[in-house]
Protein chains: 2
Amino acid sequence: MAKAGETSRQDKQITAADLGGLPLALADITAAAAIIRGAVAVTDCNPSRTLSEICGCNIWLKFENHQFTSSFKERGALNRLQALSSEQRARGVIAMSAGNHAQGVAYHARRLGIPATIVMPAGTPMVKVENTRRHDAEVIISGQTLEESGAFARQRGNAQGLTLIHPYDDPLIMAGNGTVALEMLEVAPGLDTLVVPIGGGGLISGMAVAARSLKPELRIIGVQAQLYPSMYNAINDEQLPMRGDTLAEGIAVKEPGRITTEIIRKLVDEIALVTEDEIERAVATLIAIEKTVVEGAGAAGLAAILAAPDRFRGRNVGLVLSGGNIDTRLIASVLTRELAREGRLTQLAIDIPDRPGRLAAVASLLAEAGANIIEVSHQRTFSDLPAKATLLQLVIETRDKAHLEEVMVRLGAAGFKARL
Amino acid sequence: MAKAGETSRQDKQITAADLGGLPLALADITAAAAIIRGAVAVTDCNPSRTLSEICGCNIWLKFENHQFTSSFKERGALNRLQALSSEQRARGVIAMSAGNHAQGVAYHARRLGIPATIVMPAGTPMVKVENTRRHDAEVIISGQTLEESGAFARQRGNAQGLTLIHPYDDPLIMAGNGTVALEMLEVAPGLDTLVVPIGGGGLISGMAVAARSLKPELRIIGVQAQLYPSMYNAINDEQLPMRGDTLAEGIAVKEPGRITTEIIRKLVDEIALVTEDEIERAVATLIAIEKTVVEGAGAAGLAAILAAPDRFRGRNVGLVLSGGNIDTRLIASVLTRELAREGRLTQLAIDIPDRPGRLAAVASLLAEAGANIIEVSHQRTFSDLPAKATLLQLVIETRDKAHLEEVMVRLGAAGFKARL
């Protein structure tokens, strides 16, 4: 089992021959840049002083979460749509996606007057369905998994003569996405490392071709969620399991692309795997420090650096914040859990004798210690305490772990048995 | 009592004579722009297509929450510090603030090698104390209110020969802050309305002088929290009460500045008051749509537009997102409350007969209706139901209000008495 922050291999020496044999070349990406110019945002790419201090390297952030549909997916989608013949445009396109690709295709198809059908699996959050419908796409809910939805989309596309817009395994998609690297190196030519999330691999493969053509010595590190190490498995000939719910659902892809895998094998130095805790922490850090909202997949790069800062020490690192489509309920839950991890929000259980004044005593003690009581519940029936005792459950807010410890010591000194 | 969105007066005609007699002139602001250049960020000023659609006017956002210390306050602070004599620099400065002014002064004082003392009232959140100490300022906790801290700072400054850096009532502070308007009008010369939060008035007064000098017909609207209508009272000769906890603590100022009041009286067209609900909704909207984290005071402008969109219909509106220093616990709570308002998160109470299988029946019914159960609690002892009944309390997630209604109808049809 790969541990968090574990990576698969070391720096690659790239030659012109390596680049020459690939299904994608720098010229495709510069052509894509010209094609999408004006219709896709050239997002900010800014250094972050505070994140750089925290991580011990020089971090530049590329804000793809500021695209109109809040992800880089528009780049590939638009480049692909612009390559359609007028007959193909008239017939329309079909795509399968539960998320960012759906919105990218739907938005630019409408702009270009191309009818778009989007197939989404059952259970896709209504917010994403609505965001896609808002761009006038026809949304079909079909299939229990992305794979089943994909099969349905291919079938429906063939039957109705619609062109399938694949989310990643298509050189035009990869070329469009690769423009992210051109923009980053233009603003920050001193970058020596790029850290890029990997789902199907369409973003990192395009970026790797662009970046290593311009700067062969540049190091490229891909990041996957530990729960979905599909590209990691493909590249390293491993069979790590893929399962569960990840906050980074945008990169929870079970089948990596064929073309993307070929490019990643040749041009990407390492693939890091990050845990859910690390992804959550990265999302919370970007909100607290950068004041920016990034979805789990978009925070995977920062998660990899926070998990293993030594690997990046002193380097000039470009991080792609690939998207910002995260439900506000998830944001609230991620922030609350991070507060708990930091020792700022804590659930306490205290056994107290069942007689008047004891709750008041606990409450005053906490107030004197500067702890804030957020929730209280009294438990009698189901505790395993004697009949004359009672269980007091509290959620308290403290400044940090040291403060929490001080509060625990005070409770102990006053004779209360408190458990975390 | 002023209602939300209520404003105090209508468009002003401004002449050169009006501007001539003021304690601040355009030249002071352009001079400040030159002085702070390179040390304070020229933040983005971008149009927001989605907010424009929602509000029915053309909205440009000025991202002052992206400053290094996450607020516009650096502008005034640096301009003020740069005006100190070398003797004053050697002796040091003192400032009173529980928030953004503290960080702005501390950060730039350290950059310039000026010793800084910051006085904060008791109860200032530890995060803010730490953020200020991180810039090597000496932090003194003194006074129960901002007014008491201010008195202490003046006294200590006099005793030790420290120069007091006032948070707003100082032409150099106002001139520095006014540079926000210069940058906005340079990027978006077509703006015809500026919406600016008001605490002591140091931001809007500087911006008003800059903007109305360059574009006399431009409309300027100030926004205060309804709980702290201090400038509204001063300008309109009213005595609305000031009290309570506001999410917009950055503009909860009880005593407006003398100089700022004079300028606002002459140059600002209206002051809108916004409720806590409106401020919360604006913070949540900026996170959900713009993917940006703004504190309550920084969202006050959007709150005013969302509360009374008709007043802005068709106009080209520049909104200052003045700061981003908001505790992550507050963000989580604001987002959760917004979900409740939208009908996406709901607390239900259901009376069920106390016999096996009834909880299962409710749970299956909710599952079939597509509602997600987030929390459950069973209440027996304290309900006012007969001994054989029990009270089931649920928090459920639904898609929207229509979906919630559908769920309620289904519960009713199955014989469950459910209350919101």
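Work out how much length B:L240 to B:R419 would gain on full extension: take 0.36 nm times their residue separation and subtract the Cα-Cα distance, in nm to one decimal.
The span from B:L240 to B:R419 would gain 60.7 nm if fully extended.
I need the phi-derived Karplus couplings for the range B:117-125: 6.51 cos²θ - 1.76 cosθ + 1.60, θ = phi - 60°, integer Hz, Gly and Pro marked x.
10, 10, 9, 10, x, 4, x, 4, x
For the range B:170-223, compute Rh as the Kirkwood radius over C-alpha pairs and then the Stokes-Einstein diffusion coefficient at 37 °C and 0.692 mPa s; write the answer in µm²/s, rounded to an integer.
Here the translational diffusion coefficient equals 303 µm²/s.
Let me know the Rg and Dmax you get for the range B:58-215 when you use only its Cα atoms, in Å.
16.0, 52
Quick one: in the protein assembly as shown, what % of C-alpha pairs are over 40 Å apart?
Counting pairs separated by more than 40 Å, the tail of P(r) holds 44 percent.
Can you list the distances in nanometres, one decimal and ascending, from the B:E53 label point to the identical position in each other copy, with the point 7 Å along Cα to Cβ?
4.0
Would you grab the residues whose amide H sits under 5 Å from the one on A:V223? Only those 5+ places off in sequence or on another chain, please, with H modelled 1.01 Å from N.
Residues meeting the criterion, in which the H sits 1.01 Å from N, are A:V196, A:I198, A:A272.
Return the long-range amide H neighbours of A:F68 (sequence gap of 5 or more, or a different chain), with a cut-off of under 5 Å between placed amide H atoms.
HN-HN under 5 Å from A:F68: A:A41.
Suppose we keep just the DSSP beta bridges with both residues in the protein assembly as shown; what percent of those would be antiparallel, to 5?
Percentage antiparallel, nearest 5: 45.
Find the Cα radius of gyration of the range B:220-342, compare it with 2.2 N^0.38 Å by division, and give the number to two decimals.
This ratio for the range B:220-342 stands at 1.06.
Within the range A:143-183, whose backbone N sits under 14 Å from a point 7 Å along Cα→Cβ of A:Q82?
A:172-180
Starting from a label point 7 Å past Cα on the Cβ side, list the distances from A:V409 to the same position in the other copies, nm, shortest first.
Output for A:V409: 6.1 nm, nearest copy listed first.
If you look at just the Cα atoms of chain A, how large are its Rg and its Dmax in Å?
Considering chain A through its Cα atoms, Rg and Dmax are 24.9, 82 Å.
Picking from B:L330, B:I352, B:G314, whose Cα lies most toward the positive end of the charge dipole for the range B:305-385 (charges on Cβ: Lys, Arg +1; Asp, Glu -1)?
Toward the positive end, the furthest listed residue is B:G314.
Would you kindly derive the ³J(HN,Hα) couplings of the range B:105-110 from the backbone phi angles with the Karplus curve 6.51 cos²θ - 1.76 cosθ + 1.60 (θ = phi - 60°), listing them in order in whole Hz, with x for Gly and Pro?
5, 4, 5, 6, 4, 4
What FRET efficiency do you get for B:I141 and A:E262 if R0 is 45 Å and r is their Cβ-Cβ distance, rounded to the nearest 0.05?
0.15
Within 10 Å of each Cβ in peptide B:292-298, how many partner chain Cβ atoms are there on average? Round it to a whole number, please.
So the per-residue partner count for this stretch is 3.
Which whole-number percent gives the relative contact order of chain A, counting Cα pairs below 8 Å spaced six or more residues apart?
Rounded, it is 18 percent for chain A.
Based on C-alpha coordinates, I'd like the Rg and Dmax of the range A:300-378, in Å.
20.5, 62
Taking each label point as 7 Å beyond Cα in the direction of the beta carbon, state the distances from B:A360 to the same residue in the other copies, shortest first, in nm.
From this label point to the equivalent ones elsewhere in the assembly: 4.7 nm.
Run the Debye formula on the Cα coordinates of the range B:174-267, all scatterers equal and no solvent, and tell me log10 I(q)/I(0) at q = 0.12, 0.23 1/Å.
Log10 I(q)/I(0), no solvent term: -0.37, -1.11.
Would you please give the residues with an amide H less than 5 Å from that of A:T390, counting only those at least 5 places away or on a separate chain, with H modeled from the backbone geometry?
So A:T390 has HN proximity to A:I352, A:D354.
Tabulate in residue order the Karplus-calculated ³J(HN,Hα) for the range A:182-190, using 6.51 cos²θ - 1.76 cosθ + 1.60 with θ = phi - 60°, rounded to whole Hz; enter x for Gly and Pro.
After applying 6.51 cos²θ - 1.76 cosθ + 1.60, I find 4, 5, 5, 6, 5, 6, 10, x, x Hz.
Counting just the Cα atoms, what span does the range B:3-127 cover along each of its three principal axes? Round to the nearest Å and put the largest first.
Result for the range B:3-127: principal-axis Cα extents of 51, 42, 32 Å.
Taking the Cα centre of chain B as origin, work out the dipole magnitude from +1 charges on Lys and Arg Cβ and -1 charges on Asp and Glu Cβ, in debye rounded to 20.
Taking the Cα centre of chain B as origin, the dipole is about 420 debye.
Extending each Cα 7 Å along its Cβ direction at A:E368 and A:A41, get the distance between those two points in nm, one decimal.
5.3
Looking at this model, which pairs from B:K291/B:K401; B:K73/B:K401; A:K401/B:K62; A:K62/B:K254 are more than 30 angstrom apart at the alpha-carbon? Write out the running numbers ahead of the final one.
Working: B:K291/B:K401 24 Å; B:K73/B:K401 40 Å; A:K401/B:K62 37 Å; A:K62/B:K254 41 Å.
Over 30 Å apart, Cα to Cα: B:K73/B:K401; A:K401/B:K62; A:K62/B:K254.
Return one number: the angle in degrees, 0 to 90 and rounded to the nearest 10, between the long axis of the Cα atoms of helix A:328-341 and the longest principal axis of the Cα atoms of chain A.
Between helix and principal axis, roughly 50 degrees.
Counting partner chain Cβ atoms within 10 Å of every residue's Cβ in A:42-53, what's the average?
1
Identify, for chain A, the residue whose C-beta comes nearest the rotation axis onto chain B, and round that distance to whole Å.
Nearest Cβ to the rotation axis, residue and whole-Å distance: A:A332, 2.
Readers should treat all values here as calculations from the given coordinates under stated rules, not as data from a laboratory. Note that the structure is predicted; figures quoted are calculated from it, not measured. All Cβ positions, even for glycine, are placed from backbone atoms using ideal geometry, and neighbour counts span all protein chains on display.
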